[in-house]
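All of the numbers you see were taken from the coordinates with simple rules; none came from a lab. Owing to the predicted nature of the structure, the values given are computational and were not obtained by experimental measurement. When we count neighbours, we look across all protein chains shown, and the Cβ atoms used for this are built from the backbone with ideal geometry, even at glycine.
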Amino acid sequence: MKTVEEIKSAIEAAIPSAGVEIVSNPSPSGQHSLRLQPESALAVAKFLRDDEELKLDFLSNATGVDWPDTLEAVYHLYSVEKKHGPVIIRMMTVNRTDQVELPSLTPIWRSAEFQEREIFDLYGIIFTGHPDLRRLLMWKEFKDHPMRRDYREPDDFEYEPTAHDEVLKRAEAQKSREQGTGIRDQEASEA
Amino acid sequence: MILAENKAEHFEGWNRPELIAESGDGELLEVAMGPHHPSTHGVFRMDVALDGERVVRLRPVFGYLHRNHEKIAEGQSYLASMPYTDRLDYICPLTNNWAYALVVEKLTGQAVPERAEYLRVILGELTRYQNHASSIGFLIQEMGASGTPLMYAFREREKILDLFEELTGARMMVNYMRFGGCRVDASPEWLDRTRKVVAGLGGFADEFERLLATNEILMARTQGVGVLRADLAVNAGVTGPMLRASGVNYDIRKVDGYGIYNRFNFRVPLGDHGDVYDRFMIRLLEMRESIKILQQALNDIPGGPVISPTAKNRGIRPKAGEAYGRIEAPKGELGFYLISDGGPNPYRYRIRPPSLINLTVLEDMCLGSDVADVVLIFGSVDIVLGEVDR
């Protein structure tokens with residue numbers, strides 16, 4: 001199994017414009033990862049899958065992370081043929097409000113199909129090139145992305161307005177929040 | 001049931017023409033199987049488009065049991081999530097505990113004493129045995145043989161659950177593993193009783209095989225049904241008995257050798273055809289391999305502490321960093337991915353659910369088969385909704 005430095009130089013030898021960075025991991029697990037540029041990620045992923053020495057044919061885990069000012073998608077790759085791994089690749093969005101597009105890796109690994117749908121659902125990363133990007137766990141009408149750290153759940157999903165003034169007010173606030181389109185509306189209404 | 005005219009709207013967002021089989025006269029019937037269909041192992045829905053009896057499209061719908069376990073875990077300490085992992089795949093709580101403990105040990109760099117490693121293997125293999133037995137039972141039940149094989153499997157499962165109850169205090173919600181070991185030690189009497197139960201497990205596997213493996217109806221219903229190609233299985237991230245039934249030699253117990261698995265002698269059974277029959281047969285063969293591991297582990301288990309004296313469980317604050325770890329759970333590769341920011345709660349807590357990802361290929365396996373076989377193919381994937389929806 002190659003180290004991350006060797007994998008980085010192999011990628012740069014094959015795709016000169018890849019711009020791969022190493023993200024080191026100080027934890028005892030010692031699992032360092034590679035940060036890809038979204039523009040070249042698809043080509044790099046294809047290289048990682050098809051390269052004779054790496055043969056990372058198995059995408060085990062794909063997930064999202066919500067950082068304070070960006071969203072990140074993390075992929076854990078293994079090789080079934082060579083029986084090595086994990087090689088960890090990650091991509092970052094520009095911000096976490098309006099530029100949240102990342103290239104989908106589903107065309108390379110089918111395994112990402114449901115997992116990217118889940119990331120889209122819970123984190124709101126839009127995967128361009130995904131064949132069927134819909135919410136996976138939440139219902140279709142649901143707005144917002146519950147795994148984001150600033151998500152606040154409503155007081156009661158199944159509110160029933162009653163004669164009490166306070167409850168009525170809360171119900172109205174809830175209704176107007178639901179009519180908004182995303183997290184920013186909710187923040188504004190709370191502020 | 002919805003008439004064919006509505007299908008375009010209902011299948012909106014569908015643009016994978018390479019997957020859509022040629023339909024006959026274009027008259028499609030759409031059937032929503034689930035979420036309360038008895039064969040769906042809980043609350044799972046498949047929207048199936050039928051041309052006559054033939055499946056032309058299938059769309060799984062998830063989320064009926066979603067409770068955002070990951071969000072809950074990010075709001076509490078590392079240890080507080082341990083009992084919650086029991087509720088993921090509630091047929092196999094001990095392997096869930098094990099996977100989580102393994103990853104936190106990786107993140108914090110804790111070692112596990114010998115005896116605890118042996119106990120983990122013993123409990124993990126007992127879990128695998130009872131999971132495979134009951135999953136075969138469910139599969140046969142869905143084939144129409146109501147009762148008998150499932151009850152045979154549950155009779156056996158009961159004996160194993162009694163052992164779990166005696167050791168951990170609970171039959172299913174065990175909350176047994178800790179970071180750096182296990183919660184309580186096993187008494188010599190418990191080990192003796194386990195040896196006795198394990199001695200009987202082989203006889204049950206024989207009985208099950210005699211009863212089912214050459215049964216004409218079972219063979220007619222399952223052979224050549226729901227075939228999964230090896231290359232698609234790998235690409236779609238299918239793991240566990242399903243992957244090996246397609247002939248791919250990949251068992252994480254062998255590949256990673258986590259815990260102490262490289263000390264035991266066992267084989268990895270592989271299938272030839274990747275159909276429902278192979279998946280059934282692989283589970284039966286894996287039950288036998290589990291018995292082999294159990295006998296070796298029960299024979300070699302050493303004395304000593306069951307949790308390392310330096311183990312830290314309460315109030316841990318792992319150094320900032322991340323760890324991904326995985327085990328071969330009975331249903332496939334169960335992984336946990338944790339990111340720590342140095343605080344008492346995980347910054348990111350992710351579960352890689354084998355049940356959900358094995359369903360990626362459900363449509364590919366079902367296309368072109370009869371609607372009655374969909375139930376069988378789905379049953380042969382072996383899922384638990386607690387883990388699919390989390």
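Which whole-number percent is the relative contact order of chain A (Cα, under 8 Å, 6+ apart)? Walk me through the numbers on the way to the answer.
Working: 303 pairs, mean separation 25.4, N = 191.
The normalised contact order for chain A reaches 13 percent.
Taking the Cβ of residue B:143 as the center, what net charge do the other residues with Cβ under 15 Å away carry, scoring Lys and Arg +1 and Asp and Glu -1?
On the way: positive: B:221, B:279, B:283; negative: B:142, B:216, B:275, B:370, B:373, B:382.
Around residue B:143, the charge tally is -3.
Given a Förster distance of 35 Å, report the FRET efficiency between residue B:54 and residue B:171 from their Cβ-Cβ distance, rounded to the nearest 0.05.
Values: r = 43 Å, r/R0 = 1.22.
That pair, residue B:54 with residue B:171, gives E of 0.25.
Under the rule that an exposed site lies in a DSSP loop and has at most 11 other Cβ atoms within 10 Å, name the longest stretch of chain A with no chymotrypsin sites (Phe, Trp or Tyr not before Pro) of that kind, not counting the sites themselves.
For chymotrypsin sites (Phe, Trp or Tyr not before Pro) (loop position, at most 11 other Cβ atoms within 10 Å), the longest site-free span of chain A is A:1-138.
What percent do you get for the relative contact order of the range B:247-381 when only Cα pairs under 8 Å and 6+ apart count?
Details: 135 pairs, mean separation 22.9, N = 135.
Across the range B:247-381, relative contact order equals 17 percent.
Between residue B:263 and residue A:152, take the C-beta separation as r, use R0 = 51 Å, and let me know the FRET efficiency to the nearest 0.05. Don't jump to the answer; show the numbers that get you there.
On the way: r = 50 Å, r/R0 = 0.98.
The formula returns an efficiency of 0.55 here.
Just A:141, A:118, A:53 to compare: in a GNM of chain A, with alpha carbon springs under 10 Å, which one fluctuates most?
A:141
Given the C-alpha atoms of the range B:176-225, compute the convex hull and give its volume per residue in Å³.
Working: hull volume 6.6 nm³, N = 50.
Roughly 132 Å³ of hull volume per residue.
Which net charge results for the neighbourhood of residue B:246, defined as the other residues with beta-carbon distances under 10 angstrom from its beta-carbon, given Lys and Arg at +1 and Asp and Glu at -1? It would help to have the intermediate numbers written out before the result.
Details: positive: B:229, B:244, B:279; negative: B:231, B:272, B:275, B:278.
My count for the surroundings of residue B:246 gives -1.
Please give the residues of the range B:267-281, grouped as numeric ranges, whose backbone N is less than 20 Å from a label point set 7 Å along the Cα-to-Cβ vector of residue B:254.
So the set is B:267-275, B:278-281.
Exactly which trypsin sites (Lys or Arg not before Pro) in the range A:68-137 are in a DSSP loop and have at most 16 other Cβ atoms within 10 Å? It would help to have the intermediate numbers written out before the result.
On the way: sites: A:82, A:83, A:90, A:96, A:110, A:117, A:134, A:135; in loops: A:82, A:83, A:96, A:110, A:134, A:135.
Answer by residue number: A:82, A:83, A:134.
On alpha-carbon atoms, Rg over Rh for the protein assembly as shown using Kirkwood Rh? Don't skip to the answer; put the middle values down first.
Working: Rg = 24.1 Å, Rh = 25.0 Å.
Radius of gyration over Kirkwood radius for the protein assembly as shown works out to 0.96.
What is the range B:69-389's relative contact order, in percent, from Cα pairs under 8 angstrom and six or more apart in sequence? List each step's numbers first, then the result.
On the way: 584 pairs, mean separation 91.4, N = 321.
The normalised contact order for the range B:69-389 reaches 28 percent.
Excluding residue B:199 itself, what net charge comes from residues whose Cβ is under 14 Å from its Cβ, given Lys and Arg +1 and Asp and Glu -1? Numbers along the way, then the final one.
Working: positive: B:159, B:193, B:195, B:196, B:288, B:292; negative: B:156, B:192, B:206.
Residues close to residue B:199 contribute a combined charge of +3.
Determine, from the Cβ-Cβ distance of residue B:211 and residue B:231 and an R0 of 35 Å, the FRET efficiency 1/(1 + (r/R0)^6), rounded to the nearest 0.05. Don't jump to the answer; show the numbers that get you there.
On the way: r = 34 Å, r/R0 = 0.98.
So, using R0 = 35 Å, E works out to roughly 0.55.
Per residue, how much space in cubic angstrom lies within the convex hull of the C-alpha atoms of the range B:69-389?
On the way: hull volume 38.3 nm³, N = 321.
So the per-residue Cα hull volume is 119 Å³.
Restricted to Cα positions, what overall size does chain A have along the principal axes? Three whole-Å values, descending.
Sorted from largest, the Cα extents of chain A read 70, 31, 29 Å.
Compute the distance in nm between two label points, each set 7 Å from the Cα along the Cα-to-Cβ direction, one at residue A:98 and one at residue A:6.
Label at residue A:98, label at residue A:6, 4.6 nm between them.
Please compute the Kirkwood hydrodynamic radius of the range A:1-112 from all pairs of different C-alpha atoms, in Å with one decimal.
On the way: mean 1/r = 0.0701 Å⁻¹.
Evaluated over the range A:1-112, this radius sits at 14.3 Å.
Please go through the residue pairs B:71/B:106; B:159/B:312; B:71/B:312; A:55/B:71 and name each one whose alpha carbons sit more than 30 Å apart in this structure. It would help to have the intermediate numbers written out before the result.
Details: B:71/B:106 21 Å; B:159/B:312 33 Å; B:71/B:312 24 Å; A:55/B:71 34 Å.
The pairs that break the limit, which is 30 Å between Cα atoms, are B:159/B:312; A:55/B:71.
Place a point 7 Å from the Cα of residue B:111 along the Cα-to-Cβ direction; which residues of the range B:291-310 have their backbone N under 12 Å from it?
Residues B:308-310 fall inside that zone.
So what is the calculated 222 nm ellipticity per residue for chain B, using -39500 (n - 2.57) for each DSSP H run with n of 4 or more, over all residues, to the nearest 500 deg cm²/dmol?
On the way: 16 runs with 178 residues, N = 390.
Dividing the helical sum by the residues of chain B leaves -14000 deg cm²/dmol.
At 0.36 nm per residue, minus the direct Cα-Cα distance, what do residue A:134 and residue A:172 gain on full extension? Give it in nm, one decimal, please. Before the final figure, lay out the partial values.
Numbers: separation 38, 0.36 × 38 = 13.68 nm, distance 2.87 nm.
Value of the extension gain: 10.8 nm.
Based solely on its DSSP helices, what 222 nm [θ] is calculated for chain A when runs of n ≥ 4 H residues each add -39,500 (n - 2.57) and the sum is averaged over all residues, nearest 500 deg cm²/dmol?
Details: 5 runs with 56 residues, N = 191.
Value at 222 nm, helices only: -9000 deg cm²/dmol.
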